[in-house]
Amino acid sequence: MINQEIAQIFRNIANYLDMEEGQNNFFRIRAFNATADAVENHPEDIASLNIYDLKKIKGVGDSTAKDILEYVKNGVIPYYEELKAKSPVKLEELIKIQGMGPKRIKKLYQELGVTDLVSLKLHAEAGNIAKLDGFGEKSQASIIENLQFAIVNKERTRIDNALLIAEKYIDYLKSKDTNIVQINYGGSLRRRNETVGDIDLLVSSKDPVATSKVFVEYPEIEKVLGNGDTKSSVWLKQKIQVDLRVINDSNFGAALQYFTGSKDHNVRLRKIAISKGLKLSEYGLFRKSNDTLVASKTEKEIYEVLVNNYVEPELREDGNELDLAIDSRLPKLIDLADIKGDLQMHSTHSDGKNTMEEMVLKCIDLGYANMGFTDHFGNLYVANAVKEDGFNAYFDEILALKEKYKDKIKVLAGAEVNVKPNGDLDFTQAYLEKLDFVVASVHSSLKVDLKVATDRYLNVLDNPVVTIIGHPTGRIIGQRPGFEFNYVSVFQKSAEKGIVMEINAHPARQDLPYHLVKSAVKQGCKIQISTDAHSVNDLELMKYGVFVGRKAGLESKNLFNIQKQLP
Ligand SMILES: [Zn+2]
């Protein structure tokens, strides 16, 4: 049930309003709290209700009903996001600490300027909180204790944000310090995991002390956690820890291999080294008998000695990839250049920000051979979906663009059609038959049991207009898990019917996740990577879908090529 989750958001909205204006907002605060109670106490899953049923719940009004639908569909409530962005106080973070309510948070902010976990910790440890009215030594001590737990469990950072932070830091270091010889990031960021705990930077430098000093002078730092000659750690304003290691240039490859992980991968690799009379560490690969160096300068040399072939960072997970390397059966991974088109994007015909023509021009810029519009179709209340009476305007505009740009790109007419709970498409079939392709996506009734979810897909796969299943699990990273279905039977049937599975490249979705992409390919499905762009800028998110594909071991032959299917 999603009820608890949504209730908490309405409660947070009330808390933000309370912090901002308090009594002046009395009635709105009370209304949001009443909605929270109503949602929390409602016996059915709120996610399965439509607008009319929602409004029947006492305490839910027109605008909160719309908020709920928006959350069920996209995992965000825009008004709440605005409040969060506007407020200096990270309420969501602070309220998770046992014993911290909105009143206390407000006081801590007003009296001490506490805005988040880090500043709360600083003030608690300095003894400032005990001095405040209504707090005292005891509650200060319990805040410190509860903080430990919250910091350990702090949220992971999505890969797109982490990548941006790492790249900016690297640019800064390179521009300020000419001693740097090589620099890269390791860890889960380099392995392209969907979220990242912290960022590991590895640097070889002609002057490690000078480099470490430049590292801790980065303007985005909130707190220096440690600063040594070869090892430093900082906490950034962006709420992520960055660790720096300065290493010798001669063993940069060994260190990069070591700090890229994963743990399981490295354990397996070290065992293989031992079986060959070698030992592997962050300093290099050595002969065990006499400690002579075998390889350390590049990862490639190390992998070639141990497992015959270089293993791409994205594949370094459970260790089985090493067997493939030994047998020279590693996949030749796709990269961005293998992407010939984008088959999920939205224009101003539904909930996109840009016109169709603007989207076409951007896709031409990106060098694609084809692109397909997939505005929302069906009775989706929140997405401003195209209805039957809007079909001709939609279709005709695509035809005109198809003709106008035919020498530059193949513009295709598609739709993202909502799948109803029973697996029927929420649009008149005769219209859909006119389109070049159809993406079928589930946007509602996300929390259903396994059988219902499986049957829904098995039914939609029988519809001959369906080309692609969009964002198949419906997950939003960090906000809601995907719904489960019988993956094998759905993938098997898709493969039989020639229906394609999507990797939705949007970093908030990355859906299918890589382990399910592997399973889909194993069953014989083709994969389409699309951005689900709602603006021209979103069209650049393709690389995050390629990351997922690479982690899944995708080769170009596994990618769907729509042009083969078209007349
Ligand atoms: Zn969608």
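The values are calculated or read from the model by the stated rules, or taken from the named source; none is laboratory data. Bear in mind the structure is a predicted one, so any value in this text is a computation, not a measurement. FYI the Cβ positions are ideal-geometry reconstructions off the backbone, even for glycines, and counts take in every protein chain you see. Side chains are part of the model used for accessible areas, which takes the heavy atoms of the whole protein and leaves out ligands, DNA and RNA. Shrake-Rupley method; radii C 1.70, N 1.55, O 1.52, S 1.80 Å.
If eta is 0.692 mPa s and T is 37 °C, what Stokes-Einstein diffusion coefficient results for segment 336-565, Kirkwood Rh from Cα pairs, in µm²/s?
Working: Rh = 17.3 Å.
Diffusion coefficient, whole number: 190 µm²/s.
Starting from the Cα of residue 384, step 7 Å toward the Cβ, then list every residue of segment 493-509 with an amide N under 12 Å from that point.
Under cut-off, by backbone N: nothing.
Between residue 249 and residue 557, what is 0.36 nm times their sequence separation minus the Cα-Cα distance? Round to one decimal in nm. Write out the running numbers ahead of the final one.
Working: separation 308, 0.36 × 308 = 110.88 nm, distance 3.83 nm.
Here the answer is 107.1 nm.
Working with all protein chains in place, sort 137, 502 by solvent-accessible area computed with a 1.4 Å probe, largest first.
137, 502
How far apart, in nm, are two points set 7 Å out from the Cα along the Cα-to-Cβ line at residue 328 and at residue 275?
Each label point lies 7 Å from its Cα, and together they span 1.9 nm.
For segment 495-538, list residues with backbone N below 20 Å from a point placed 7 Å from the Cα of residue 5 toward its Cβ?
Correct set: 504-516.
Could you work out what % of the accessible surface of the chain is carbon and sulfur, using a 1.4 angstrom probe and leaving DNA, RNA and ligands out of the count?
Numbers: 12510 of 25260 Å².
Of the solvent-accessible surface of the chain, carbon and sulfur hold 50 percent.
Which log10 I(q)/I(0) values, to two decimals, does segment 464-537 give at q = 0.16, 0.27, 0.28 Å⁻¹ under the Debye formula with one point per Cα?
Rounded to two decimals, the profile gives -0.54, -1.29, -1.34.
How big is the shadow of the Cα convex hull of segment 153-281, averaged over all directions, in nm²?
That works out to 8.2 nm², a quarter of the Cα hull's surface.
Between residue 489 and residue 403, what is 0.36 nm times their sequence separation minus the Cα-Cα distance? Round to one decimal in nm. List each step's numbers first, then the result.
Working: separation 86, 0.36 × 86 = 30.96 nm, distance 4.04 nm.
Result: 26.9 nm gained on full extension.
Let a ≥ b ≥ c be the square roots of the eigenvalues of the Cα gyration tensor of the chain; is it rounded (a/c under 1.5), or, if not, prolate (a/b larger than b/c) or oblate?
Values: a/c = 1.94, a/b = 1.10, b/c = 1.77.
Oblate, since a/c reaches 1.5 and b/c is not below a/b.
Once every Cα of segment 66-132 carries one equal point scatterer and solvent is ignored, give the base-10 log of I(q)/I(0) from the Debye formula at q = 0.20 Å⁻¹, two decimals.
-0.80
What does the convex hull of the alpha-carbon atoms of segment 31-85 project to on average, in nm²? Please report the intermediate quantities before stating the final value.
On the way: hull surface 14.7 nm².
Projected area, direction-averaged: 3.7 nm².
At 7 Å along Cα-to-Cβ for each site, give me the label-to-label distance between residue 148 and residue 422 in nm.
Result: 5.7 nm between the two label points.
If R₀ is 22 angstrom, what is the calculated FRET efficiency for the pair residue 292 and residue 267, using the beta carbon separation as r and rounding to 0.05?
Values: r = 24 Å, r/R0 = 1.09.
E(calc), rounded to 0.05, equals 0.40.
Select from 379, 427, 290 the residue farthest towards the positive end of the dipole of the chain; place +1 on Cβ of Lys and Arg, -1 on Cβ of Asp and Glu, and compute about the Cα centre.
The residue sitting most towards the positive pole is 290.
Quick one: of the DSSP bridges fully inside the chain, what percent are antiparallel, nearest 5?
Working: 26 of 54 bridges.
DSSP beta bridges in the chain are roughly 50 percent antiparallel.
Which sequence of 305, 60 reflects their accessible areas, 1.4 Å probe, from the largest down? Before the final figure, lay out each step's value.
Values: 305 55, 60 10 Å².
I get 305, 60, largest accessible area first.
Along the three principal axes, how long is segment 343-476 when you take its alpha carbons, biggest first, rounded to the nearest angstrom?
In descending order, the Cα extents are 47, 29, 27 Å.
Which percent of Cα pairs goes in each bin when the distances of segment 1-120 are cut into 10 angstrom slices starting at zero?
P(r) over segment 1-120, rounded to whole percents: 14, 44, 30, 11, 1.
Expressed in nm to one decimal, what extension gain is obtained for the pair residue 110 and residue 358 from 0.36 nm per residue of sequence separation less their Cα-Cα distance? Kindly include the intermediate steps, with their values, before the conclusion.
Details: separation 248, 0.36 × 248 = 89.28 nm, distance 4.66 nm.
Length gained between residue 110 and residue 358: 84.6 nm.
Take the alpha-carbon positions of segment 265-418, form their convex hull, and give its projected area averaged over all directions (one quarter of the hull surface) in nm². Before the final figure, lay out the partial values.
Working: hull surface 54.1 nm².
Taking a quarter of the hull surface, the average projection is 13.5 nm².
So if R0 is 60 Å, what FRET efficiency would residue 336 and residue 125 give, r being the distance between their Cβ atoms, rounded to the nearest 0.05? The partial results should precede the final answer.
Details: r = 46 Å, r/R0 = 0.77.
The formula returns an efficiency of 0.85 here.
May I ask you to derive the FRET efficiency for residue 429 and residue 238 from their Cβ-Cβ distance with R0 = 51 Å, giving the value to the nearest 0.05?
Working: r = 48 Å, r/R0 = 0.94.
In this case the efficiency is close to 0.60.
Among 247, 68, what's the order by accessible area (1.4 angstrom probe), most exposed first?
Final ranking, largest accessible area leading: 247, 68.
Could you work out the Rg to Rh ratio of segment 252-326, with Rh taken as the Kirkwood radius (inverse of the mean 1/r over all Cα pairs)? Don't jump to the answer; show the numbers that get you there.
Values: Rg = 10.9 Å, Rh = 11.9 Å.
Rg/Rh: 0.92.
Using the scaling law 2.2 N^0.38 Å as the reference, what is the normalised Cα Rg of segment 85-202? Could the numbers behind the result be given before it?
Values: Rg = 18.2 Å, N = 118, 2.2 N^0.38 = 13.5 Å.
Here the Cα radius of gyration is 1.35 times the empirical estimate.
If I model a spin label at residue 222 and residue 45 as a point 7 Å from the Cα along the Cα→Cβ vector, what separation in nanometres do I get?
3.5
Given a 1.4 Å probe, how much area per residue of the chain is accessible, in Å²? The partial results should precede the final answer.
Details: 25260 Å² over 567 residues.
Dividing the accessible area of the chain by its residue count gives 45 Å².
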